[in-house]
Amino acid sequence: MRRKPILLIGDRGAVLYGSRENFFAPAPDTPEATRLAEALLAGKRAQPLILADFAALEFKRETLPKLGPFDRNRLLQRRLQIAFKKPQITGWQKLESVGAGQPYMFAAVGEYCPLAPWLEWLGQFSAGPVPIALLPLEGVRHANRLAAIEGGGSQWHMLVSWQQASGMRQIVTHNGKLVFTRLVGDIPDAASIEGDALQHHIRASFEYLGRLGLADPAQLHMSVIAQVTCHASLADMLGNAGRFTPGGISFYTPAKAAQHLKFSVRAGDHERFSDALFVARLQTGAEPAITMLHPAQVKARKAANAFRLAQTAAAAGILLLMSLGVVFGHAAWRHEDAVARKLAAIEALRQQDGGKESEADPAMRRLMQIRDVSRLQQMLASEPPGPWTLLNTMAEAMGARFRLNRLEWRAGETAADLRALTPGLTPGDATRQFRDFAGLLQQALPGHTVKLAALPLAALPEQTLQSGLRADPAASTARLVIAARQETP
């Protein structure tokens, strides 16, 4: 199975997973980053998922009322802005609901972290927005599964591991939920611990956990993932911390922890770092606990969505115009076909009268020609004007006083629903306006009859005995019927 490329970025550098060899680069402007870029491009995997692990990560648990999707998203955006002052990137994770409200885990990447240079560097190879996941939230899954394997019924659990890209990460859960996490960058791996440095950091964490409800460190079980050669020294340091000694400690190598978690990672007992352990689940294509985007990437995605929407609207407009062209083109063809058939009928009449015409004197032939021209004029004049000619004529006559709501155009008769745009018209005023417009349109369309088919009066049957009828939107609407006048030649 092809593994998804994951770029784990921390305060100490970045590690690329997903190729045959894992590449580490301390910064994007180093020679090591060049090898990392070559690995991305060689496998055509320039669109990785970023797994971030920085000291500047912030987490807050909030409970919001249960709302609909639109109102919920607006409220979440406002609460995120309140929860974090100047974050570069924010996101939220929906937690399991246990009461009337809906709990969320808010997360933010602070502005003072080295993520921005890496995103700029990655933009040279990535074709679109790069999603960002957070290692501490992925670590909560691992901590809960290890706690279930270890048993003991402890409600408090601490997972301690070392990552090459970031340093020592502590993840503390209470009843399976994240309550505290801390990154110690000055202890890059377990073998570099000097003196009581580890005890100092663990003691500081226990003191903070006391404010969150941990009454006694003995109530907490600790899982430590480190290279096998450091297990004995770590057990001595953590087991002799006085009143800050945890209730139980379980030691794992990265390979052993992966075996318990049912992950496939390439690591031996002497592996120092656990980066691959946190990446393994995401490489299978599993969804991260939370996915975020940089604000610049959010703007780019909105712009791309707007462009796609504009393209869709343009395509729909073109299809509509093509459909109208087919409809009116067919109507024009039918009109021309009718004229051609009538001309053919006239020609047939002429051929029938051909013998008589040859025998008649010049004066009679002249009269017969006048008759034929009169018949042709009558047939052609009986055709109604095309929709575009009628629309142009009505537009010139309407000006800014009326608006065309609907036009029904068919052979011999055209109906138009008009609305008067003058505000505050009474039914009487509206009627006079429409009568004047009908007269004006009659002058502009010789050979046709223009009449008002529906007067602008909005009175229901039950209102006929009431006085004081007021104008309403319906009182400003009338229907005109334009019909070709049948004339005898």
Of everything in segment 193-224, what is modelled with pLDDT under 85 and exposed (fewer than 14 other Cβ atoms within 10 Å of the Cβ)? Give them in sequence order. Glu194, Gly195, Asp196
Return the pair list, or none, for Cβ contacts closer than 8 Å from residues in segment 418-446 that are under 12 Å from Thr477 (Cβ atoms) to residues that are assigned to a helix (DSSP H, G or I) and of a type in the set (A, V, I, L, M, F, W, C), at least 6 apart or on different chains. Leu418/Met398; Leu418/Phe434; Leu418/Phe437; Ala420/Ala430; Ala420/Phe434; Leu425/Ala475; Pro427/Ala475; Ala430/Ala475
Considering residues that are hydrophobic (A, V, I, L, M, F, W, C) and more than 52 Å from the chain's Cα centre (by Cα), the number found within segment 220-236 is 1
Suppose we filter segment 48-82 for residues that are at pLDDT below 85 and either of a type in the set (A, V, I, L, M) or in a strand (DSSP E or B) (or both); how many remain? 1
Can you work out which of the residues in segment 408-423 that are under 15 Å from His448 (Cβ atoms) and among the aliphatic types (A, V, I, L, M) is surrounded by the most Cβ atoms within 10 Å (Cβ to Cβ)? Ala416
Taking segment 285-307, which residues are at pLDDT 70 or above and exposed (fewer than 12 other Cβ atoms within 10 Å of the Cβ)? Gly285, Glu287
One residue from Gln378, Gln351, Gln369 being more than 30 Å from Ser166 (Cβ to Cβ), modelled with pLDDT under 80, surrounded by 14 or more Cβ atoms within 10 Å (Cβ to Cβ) and not hydrophobic (A, V, I, L, M, F, W, C): Gln378
Taking segment 5-22 and keeping residues modelled with pLDDT under 80 and either touching a helix residue (DSSP H, G or I) at 6+ places or on another chain (Cβ under 6 Å) or buried (at least 17 other Cβ atoms within 10 Å of the Cβ) (or both) leaves Gly18, Ser19
Given (1) more than 20 Å from Ser126 (Cβ to Cβ); (2) at pLDDT below 85; (3) buried (at least 20 other Cβ atoms within 10 Å of the Cβ); (4) of a type outside the set (S, T, N, Q), where does Trp92 come up short, assuming only one miss? (2)
On the basis of being farther than 24 Å from Asp216 by Cα, buried (at least 18 other Cβ atoms within 10 Å of the Cβ) and touching a Leu at 6+ places or on another chain (Cβ under 9 Å), does Val172 make the cut? no
Run down Gly101, Gly68, Gly123 and say which single residue is more than 14 Å from Met292 (Cα to Cα), touching a Ser or Thr at 6+ places or on another chain (Cβ under 7 Å) and not hydroxyl-bearing (Ser, Thr, Tyr). Gly101
Quick one: in segment 236-257, which of the residues that are of a type in the set (A, V, I, L, M, F, W, C) and under 16 Å from Ile149 (Cβ atoms) is surrounded by the most Cβ atoms within 10 Å (Cβ to Cβ)? Ala257
Of the residues in segment 430-489, how many are at pLDDT 80 or above and at positive phi? 0
Report, by residue number, each residue of segment 25-47 that is at pLDDT below 90, outside any loop (DSSP other than H, G, I, E, B) and in contact with a Lys or Arg (Cβ under 9 Å, 6 or more places away or on another chain). Ala39
Take segment 256-286 and flag every residue that is part of a helix (DSSP H, G or I), among the aliphatic types (A, V, I, L, M) and either within 16 Å of Ala190 (Cα to Cα) or touching a residue at least 24 places away in the same chain (Cβ under 8 Å) (or both). Ala257, Ala276, Leu277, Val279, Leu282
Of all residues in segment 83-111, how many are farther than 21 Å from Leu135 by Cα and either in a strand (DSSP E or B) or in contact (Cβ under 8 Å) with a residue 40 or more places away in the chain (or both)? 1
Answer yes if at least one residue in segment 21-39 is in contact with a strand residue (DSSP E or B) (Cβ under 9 Å, 6 or more places away or on another chain) and on the phi > 0 side of the Ramachandran plot, and no otherwise. no
Going through segment 312-353 in order, the residues found to be within 18 Å of Ser374 (Cα to Cα), assigned to a helix (DSSP H, G or I) and acidic (Asp, Glu) are Glu347
Identify the single condition in (1) at pLDDT below 85; (2) out of contact with any Lys or Arg (no Cβ under 6 Å at 6 or more places or on another chain) that Glu111 does not satisfy, given that it satisfies every other one. (2)
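The values are calculated or read from the model by the stated rules, or taken from the named source; none is laboratory data. Every value quoted in this text rests on a predicted model; they were computed, and no experiment measured them. Neighbour counts run over all protein chains shown; Cβ positions are idealised from the backbone, glycine included.
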